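Here is the structure we will look at, set down as structure tokens.
The numbers here are math on the coordinates, done by the rules we state, and not lab data. Not measured: the values here are computed from a predicted model. Please note: Cβ atoms are built from the backbone with ideal geometry, for glycine as well, and neighbour counts cover all protein chains shown.
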Amino acid sequence: MTFLGAAKALRLIACSAAITGLSACASTPEPVIGAAVVQPRAELGQQGYTYQPSQTYLLRASDKISINVFREPDFSLESVQLGVEGNISLPMIGSIPAAGMTAMEFEKDVTRRLSAAGLKTPRVSVNIKEYASHLVTVEGSVEQPGVYTFQPGAKLSSAIALAQGPRRTAKLDQVAVFREGPEGIMVAKFDYVQVRQGTMLDPILEPGDRVVMGTDGLSVAWQDLLIALPAFGVFANAAI
């Protein structure tokens, strides 16, 4: 290899390092001090999204709950899952609906049904064991795509964090959220950089949401090139 070829190769490596460094800097935007933006942008399909979690939780199909009847172990259940239709089967009562009720409302309903079935002054407590209905799918240019369970009140940024964050090839300004609504599947677009800065709404997730992180085609092509070309090949080509 000639001295000139070596110099070209060194410049190529330096440029690669510089580009990588710039990408790393771009991935950590400076937050904007002050109140974060909480208004949805209708032009991006964000109408109906909110930053405020619901003040009450309604049971959903697949959620797991415990039902304790005071001093009545035969009527108590340590853990039971709501069926796909939102029902639960209980001793002495049979299958009854639970989905769409709060835990307190379901307590009162079970208490009433046990009394009607002949149990004297039942005292019932219901607790949520697992929010198994709360699943979000995270796809696209993230480190670990998959289906994740989340807690009520979690936000879009939480879903991306569950997937171990975006890859270097991610197009951060193209995050799509697919959500089922009364009129079918709707799509909203978010800019992850702006979400992290606080200049765009970070919306509350809903069960069944699907998050897709966009991919920067140029970054993919560049990384593929570096993987395909070993160091020797880079130096050899630079010497030509």
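Can you tell which of VAL110, SER79, SER89 lies farthest toward the positive end of the dipole of the range 64-130, using +1 and -1 charges on the Cβ of basic and acidic side chains (Lys, Arg; Asp, Glu)?
VAL110
With a cap of 15 neighbouring Cβ atoms within 10 Å, and only residues DSSP puts in a loop, list the GluC sites (Glu not before Pro) found in the range 71-180. Write down the numbers at each step before the final one.
On the way: sites: GLU78, GLU85, GLU105, GLU107, GLU130, GLU139, GLU143, GLU180; in loops: GLU85, GLU143.
The qualifying sites are GLU85, GLU143.
Using Cα pairs under 8 angstrom and six or more residues apart, how large is the relative contact order of the range 163-219, in percent? If you can, show how the numbers build up before the last one.
Numbers: 77 pairs, mean separation 26.1, N = 57.
Computed over the range 163-219, the figure is 46 percent.
State which entries of LYS155/LYS189; LYS108/LYS129; LYS129/LYS171 exceed 26 angstrom in Cα-Cα distance in the structure shown.
On the way: LYS155/LYS189 14 Å; LYS108/LYS129 18 Å; LYS129/LYS171 37 Å.
Correct reply: LYS129/LYS171.
Each residue of the range 117-127 in order: what ³J(HN,Hα) in whole Hz does its phi give by Karplus 6.51 cos²θ - 1.76 cosθ + 1.60, θ = phi - 60°, with x for Gly and Pro?
7, x, 7, 7, 6, x, 10, 10, 10, 10, 10
FRET efficiency for GLN164 and LEU77, Cβ-Cβ distance as r, R0 = 25 Å, nearest 0.05? Walk me through the numbers before you get to the answer.
Working: r = 36 Å, r/R0 = 1.44.
Calculated value: 0.10.
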